[in-house]
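Reviewing the structure listed below.
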Amino acid sequence: MSENTGLTPQHKIGSGFGPRSTAAEVVAGLDLTGKTAVVTGGYSGLGLETVRALASAGARVMVPARRPGHARKVLDDAGLDGVGVAGLDLAELPGVREFAEGFLASGFLGEAGSLDILVNNAAIMASPEQRVGPGWESQFATNHLGHFALTNLLWPALAAGEGARVVALSSTGHKLSPIRFEDINFDSGYDKWKAYGQAKTANALFAVQLDALGKGAGVRAFAVHPGGIMTELQRHLPREEMIASGWMDADGNLNERFKTPAQGAATSVWAATSPQLAGMGGVYCEDCDIAEPTEPGTPEARIRGVDAHAVDRADAERLWQLSADLTEINAFAGR
């Protein structure tokens, strides 16, 4: 990403946190009383730990969930009975619209009517080929288009606040594929990992363009790689495949690079709340800091840093317009 034209440089800022920092450590000392947050998928894995940290700092949190009854039970069992729950299936645009309209009219936002934190956390990974909506590839539709629509529909509440932040969960999966503008739905042949990679690149590019469009209203956006964490995200992966990939050994012991869910949620929470990021945005973060650009050809090129195609401003603008055309939703149309 260019360091000219007023953009946030894609370089570490020395946050003082690191790969083993936890979400609780990141919010220690912060007071989020009076702030409102929405965390998609906030009832399992990283999402649950994100909700726990934000609520512990005083934020009022809503969790949109595909299985609201299950989400309610999980949150209650975790002692988070004060967290709100509402139904939302990101793969179905009418449901996204229904949630957004209901949420904006519900009074959950309080007198100010502002949404201060939106964490687009929910995702599917390396799933079998599936078409949703009008024939969209399911990983792109769920991970990107659903969150694109949700964010745009919630824009009035985001813009109503002072310094709202949007966090898009990407991953090093973005290194597996750029945006396939000529075959975005894999009509020419499905590859579950390339489809996941494209979706994660889309999440990163979404943050780039949302930040460019929203910063005039004080809304800043960040993409986040949480790290490797064993959660329900791996539900579509056979154990043999995870062993072959080096994620675990034959006895089920995880690779030492893997984080706990509390550690994995730390970068999302840092991006959503840290005063260190005031005035910044449009960048990809990892290990509770802004990530460095990938160094091609190095041993860590596959697992660290952000590839150029995931922060390309021209592709970010092109993807935004394509997403607006596909969903017929765009809070910035004509601006």
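Computed from the coordinates by the stated procedures, all read-outs in this text should not be read as laboratory data. Small disclaimer: the values here were computed from a predicted structure and weren't measured. Positions of Cβ are generated from backbone atoms using ideal geometry, with glycine treated the same way; all protein chains shown enter the neighbour counts.
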Measuring from its Cα centre, the range 265-318 shows a charge dipole (+1 at each Lys and Arg Cβ, -1 at each Asp and Glu Cβ) which, in debye to the nearest 20, is 140 debye
Counting sequence-distant residues (5 or more places) and residues on other chains, those with an amide H built under 5 Å from that of Val61 are Ala37, Gly84
Which one, Ala199, Gln276, Pro296, projects farthest toward the positive side of the charge dipole computed for the chain from Cβ point charges (K/R +1, D/E -1)? Gln276
May I ask you to list the lysines whose Cα is less than 29 Å away from that of Lys35, ignoring any residue fewer than eight positions away on the same chain? Lys12, Lys73, Lys200, Lys215, Lys259
Ordering of 208-220, 74-86 by burial proxy (mean other Cβ atoms within 10 Å per residue, highest first): 208-220, 74-86
Treat the count of other C-beta atoms within 10 Å as a stand-in for reagent exposure and order Arg302, Arg313 from fewest to most. Arg302, Arg313
In nm, to one decimal, how far is the Ala301 label point from the Arg313 one, both placed 7 Å along Cα→Cβ? 2.6 nm
Derived scalar couplings ³J(HN,Hα) [the range 284-293; Karplus, 6.51 cos²θ - 1.76 cosθ + 1.60; whole Hz; x for Gly, Pro]: 9, 10, 8, 6, 6, 7, 5, 7, 7, x
So how far apart, in nm, are the two label points at Lys192 and Glu162 if each is 7 Å from Cα heading toward Cβ? 4.9 nm
Relative contact order %, the chain, counting alpha carbon pairs below 8 Å whose residues are six or more apart: 23 percent
Exposed-loop cut sites defined as GluC sites (Glu not before Pro) in DSSP loop states with at most 12 other Cβ within 10 angstrom; longest site-free run of the chain spans 4-110
Rg/Rh for the chain, where both radii come from Cα atoms and Rh is the Kirkwood radius: 0.93
Tabulate in residue order the Karplus-calculated ³J(HN,Hα) for the range 168-182, using 6.51 cos²θ - 1.76 cosθ + 1.60 with θ = phi - 60°, rounded to whole Hz; enter x for Gly and Pro. 9, 6, 9, 4, 5, x, 4, 6, 7, 6, x, 6, 8, 4, 7
Just the number, please: Stokes-Einstein D of the range 7-102 in µm²/s, Kirkwood Rh from C-alpha pairs, 20 °C, 1.002 mPa s. 146 µm²/s
Cβ-placed point charges (K, R +1; D, E -1), dipole of the chain about Cα centre in debye, nearest 20: 320 debye
Can you give the Rg and Dmax of the range 51-141 based on its C-alpha atoms, in angstrom? 14.7, 44
Listed residues Thr298, Thr36, Thr22, most fluctuating in the chain (Gaussian network, C-alpha, under 10 Å): Thr298
Within the range 75-98, whose backbone N sits under 13 Å from a point 7 Å along Cα→Cβ of Glu111? none
Using Cβ contacts closer than 10 Å as the measure, can you line up Lys73, Lys175 from fewest to most? Lys73, Lys175
How high is the relative contact order of the range 259-335, in percent, with contacts defined as C-alpha pairs under 8 Å that are six or more residues apart? 18 percent
May I ask you to sort Thr151, Thr33 by Cβ crowding, counting other Cβ atoms within 10 Å and putting the fewest first? Thr33, Thr151
Identify the trypsin sites (Lys or Arg not before Pro) of the range 9-68 meeting these criteria: DSSP loop state and at most 15 other C-beta atoms within 10 Å of the C-beta. Lys12, Arg20
